[in-house]
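Peer 1: What follows is a structure written as structure tokens; I'll ask about it next.
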There are 2 protein chains.
Amino acid sequence: MADDAPGFALPLLLLQAFRAIVDDLHEELARAGHPGVRPVHGFALQAIRPQGATAAELGRRLGVSKQAAAKTIDALERLGYAVRRGDPADGRRKLVCVTPRGVDLLELSARLLDRIRGDWAARLGQERATRLERDLATLAERDGAAHALRVDAPGWFGHHE
Amino acid sequence: MADDAPGFALPLLLLQAFRAIVDDLHEELARAGHPGVRPVHGFALQAIRPQGATAAELGRRLGVSKQAAAKTIDALERLGYAVRRGDPADGRRKLVCVTPRGVDLLELSARLLDRIRGDWAARLGQERATRLERDLATLAERDGAAHALRVDAPGWFGHHE
DNA sequence: AGTCTATCGACAACGTGGTTGACTATCTAG
DNA sequence: CTAGATAGTCAACCACGTTGTCGATAGACT
């Protein structure tokens with residue numbers, strides 16, 4: 001810290017970069033026939049794939065309650081990206097599966113994110129782009145272990161613990 | 001993208017790194033006598049400094065409504081980090097000022113963030129740390145202009161537009 | 001002065017998206 | 001067969017944003 005950037009710049013930069021990428025992605029998704037999709041949908045769809053998941057499983061993967069996961073699934077179902085189907089092997093479970101439209105969304109997102117990554121890799125240079133990702137992975141570690149996804153957490157940012 | 005990392009890794013990495021830093025910071029803040037403070041408080045306090053601000057100004061700086069800003073100010077006041085005082089020159093305005101405790105929080109946060117930055121700079125090397133920040137700044141740009149703060153936006157991430 | 005308009009801060013109502021709790025149905029171990 | 005764990009759903013609640021409205025004040029214009 002005896003040198004240049006003050007420490008508080010880093011989290012700002014990370015957040016801004018995250019928002020820039022996600023906003024860019026969803027602008028293009030909207031343009032490409034997926035106007036209603038929100039960031040959380042992509043995360044959830046990713047967490048469902050590839051074998052499907054139940055609401056409780058999805059909740060665990062996303063770090064939220066099964067009730068919250070169920071609401072997200074409701075939204076995905078309403079938007080046509082997922083369907084619930086009963087599990088013949090277990091009467092309690094309802095397997096959530098990604099629809100073809102959901103698969104299309106994920107594949108399109110992957111292509112767009114590759115394109116976005118390609119854009120800044122072109123600006124930065126391939127070598128620095130790769131190193132940026134590697135260094136970010138280092139940053140993302142805490143206590144040696146990778147920080148779990150935890151997109152969630154109402155009030156994580158907000159006014160109360 | 002003909003090479004290594006798939007594009008979808010990048011936003012994940014950015015988000016995880018952001019959370020890792022912020023969680024680290026607030027763990028230490030809690031240990032150092034600021035247990036109740038949340039990320040949003042630091043952002044707001046920063047936005048108030050150095051000359052103070054009214055609720056409406058703060059809302060504009062943070063990209064939220066003045067009512068939402070007022071609620072944040074309520075929290076800051078309750079926690080002892082800010083005070084509202086009437087403006088003798090303008091009967092409508094109530095100037096929000098950072099208390100000594102608030103200044104202490106900001107200075108401590110700055111020191112801790114410098115320390116956190118120093119930690120990973122030590123792991124990465126000074127040169128790469130500096131370049132990481134520079135490259136992140138490039139990433140954070142959209143349409144040439146820096147992405148505004150916009151910590152806010154209920155449902156930006158969530159289920160509806 | 002008087003009036004029009006913009007702004008401040010506050011109050012209320014509402015919406016979204018998370019939470020916990022309770023309940024039933026079903027699976028599984030003993 | 002029974003006990004306990006677990007799936008999903010319903011209901012209540014809470015946090016944190018929103019918009020709408022309102023009275024008070026400031027400033028400009030007649």
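Peer 1: Give me the percent of the accessible area of the range A:36-146 that comes from carbon and sulfur atoms, probe 1.4 Å, all protein chains in place. It would help to have the intermediate numbers written out before the result.
Peer 2: Numbers: 2820 of 5540 Å².
About 51 percent, which is the carbon plus sulfur part of the accessible surface.
Peer 1: Relative to the first principal axis of the alpha-carbon coordinates of chain B, what is the inclination of helix B:100-124, with its axis defined by its Cα atoms, in degrees from 0 to 90 and to the nearest 10?
Peer 2: Helix B:100-124 sits at roughly 0 degrees to that axis.
Peer 1: Find the sum over both chains of the accessible area lost when B and A are paired, probe 1.4 Å, and report it in Å² to the nearest 100.
Peer 2: Protein heavy atoms only, the B-A interface buries about 6900 Å².
Peer 1: Please state the Cα pair-distance histogram of chain B with 5 angstrom bins from zero: what percent is in each bin?
Peer 2: Spelled out per bin, shortest first, that is 2, 7, 13, 17, 18, 16, 12, 8, 4, 2, 1, 0, 0.
Peer 1: Whole number please: convex hull volume per residue of the Cα set in the range A:39-91, in Å³? Display every interim value, and only then the final one.
Peer 2: On the way: hull volume 4.2 nm³, N = 53.
Hull volume normalised by residue count: 80 Å³.
Peer 1: Per residue, how much accessible area does chain B have with a 1.4 Å probe, in Å²? Spell out each step's value before the answer.
Peer 2: On the way: 7910 Å² over 161 residues.
Accessible area per residue: 49 Å².
Peer 1: I've got another one for you. Cross-link candidates for B:Lys94: which lysines have Cα within less than 29 Å, leaving aside residues fewer than 8 places away along the same chain?
Peer 2: B:Lys94 reaches B:Lys66, B:Lys71.
Peer 1: May I pose another question? Helix A:39-48 sits at what angle to the longest principal axis of chain A, using alpha carbons and giving 0 to 90 degrees rounded to 10?
Peer 2: 60
Peer 1: Taking the Cβ of A:Arg49 as the center, what net charge do the other residues with Cβ under 15 Å away carry, scoring Lys and Arg +1 and Asp and Glu -1?
Peer 2: Details: positive: A:Arg61, A:Arg101; negative: A:Glu57, A:Asp104, A:Glu107.
Local charge sum for A:Arg49: -1.
Peer 1: Also, I was wondering about something else. Could you give me D for the range B:1-89, from Stokes-Einstein at 37 °C and 0.692 mPa s, where the hydrodynamic radius is the Kirkwood radius over C-alpha pairs? Units µm² s⁻¹, please.
Peer 2: Working: Rh = 15.3 Å.
This corresponds to a translational diffusion coefficient of 214 µm²/s.
Peer 1: Within a 10 angstrom radius of each residue's Cβ in A:107-114, how many Cβ atoms of other chains show up on average? Whole number is fine.
Peer 2: On the way: counts 0, 0, 2, 4, 2, 2, 7, 7.
Whole-number average of other-chain Cβ neighbours for A:107-114 is 3.
Peer 1: Mind pulling the angle between the C-alpha long axis of helix B:9-31 and the longest principal axis of chain B? Nearest 10 degrees, somewhere in 0 to 90.
Peer 2: 50
Peer 1: Where q = 0.07, 0.09, 0.10, 0.13 Å⁻¹, what log10 of I(q)/I(0) comes from the Debye formula for the protein assembly as shown, counting one point per Cα?
Peer 2: Results for the protein assembly as shown at q = 0.07, 0.09, 0.10, 0.13 Å⁻¹ read -0.32, -0.53, -0.66, -1.06.
Peer 1: Taking B:Asp74 in one copy and the same position in all the others, each labelled 7 Å out along Cα→Cβ, what are the pairwise distances from the first, in nm, shortest first?
Peer 2: So the label point of B:Asp74 gives 2.7 nm to the other copies.
Peer 1: Can you give the calculated 222 nm mean residue ellipticity of chain B, where each DSSP H run of n ≥ 4 adds -39,500 (n - 2.57) and the sum is split over every residue, rounded to the nearest 500 deg cm²/dmol? Walk me through the numbers before you get to the answer.
Peer 2: Numbers: 6 runs with 95 residues, N = 161.
So the helix-based figure for chain B works out to -19500 deg cm²/dmol.
Peer 1: Distances from B:Arg115 to the same position in the other copies: list them in nm, one decimal, shortest first, using label points 7 Å from Cα along Cα→Cβ.
Peer 2: Shortest to longest, the spacings are 4.6 nm.
Peer 1: What order do you get for B:127-135, B:28-36 when each peptide is scored by the mean count of other beta carbon atoms within 10 Å, highest first?
Peer 2: Working: B:127-135: 18.1, B:28-36: 14.4.
Packing order, densest peptide first, comes out as B:127-135, B:28-36.
Peer 1: Largest first, how would A:Phe8, B:Phe43, A:Phe18 line up by accessible area (1.4 Å probe)? Numbers along the way, then the final one.
Peer 2: Working: A:Phe8 90, B:Phe43 35, A:Phe18 5 Å².
Final ranking, largest accessible area leading: A:Phe8, B:Phe43, A:Phe18.
The values are calculated or read from the model by the stated rules, or taken from the named source; none is laboratory data. Remember, it's a predicted structure, so these values are computed and weren't measured experimentally. We place every Cβ from the backbone using ideal geometry, glycine too, and count neighbours over all the protein chains shown. All accessible areas refer to the heavy atoms of the entire protein, side chains included, with ligands and DNA or RNA removed. Shrake-Rupley method; radii C 1.70, N 1.55, O 1.52, S 1.80 Å.
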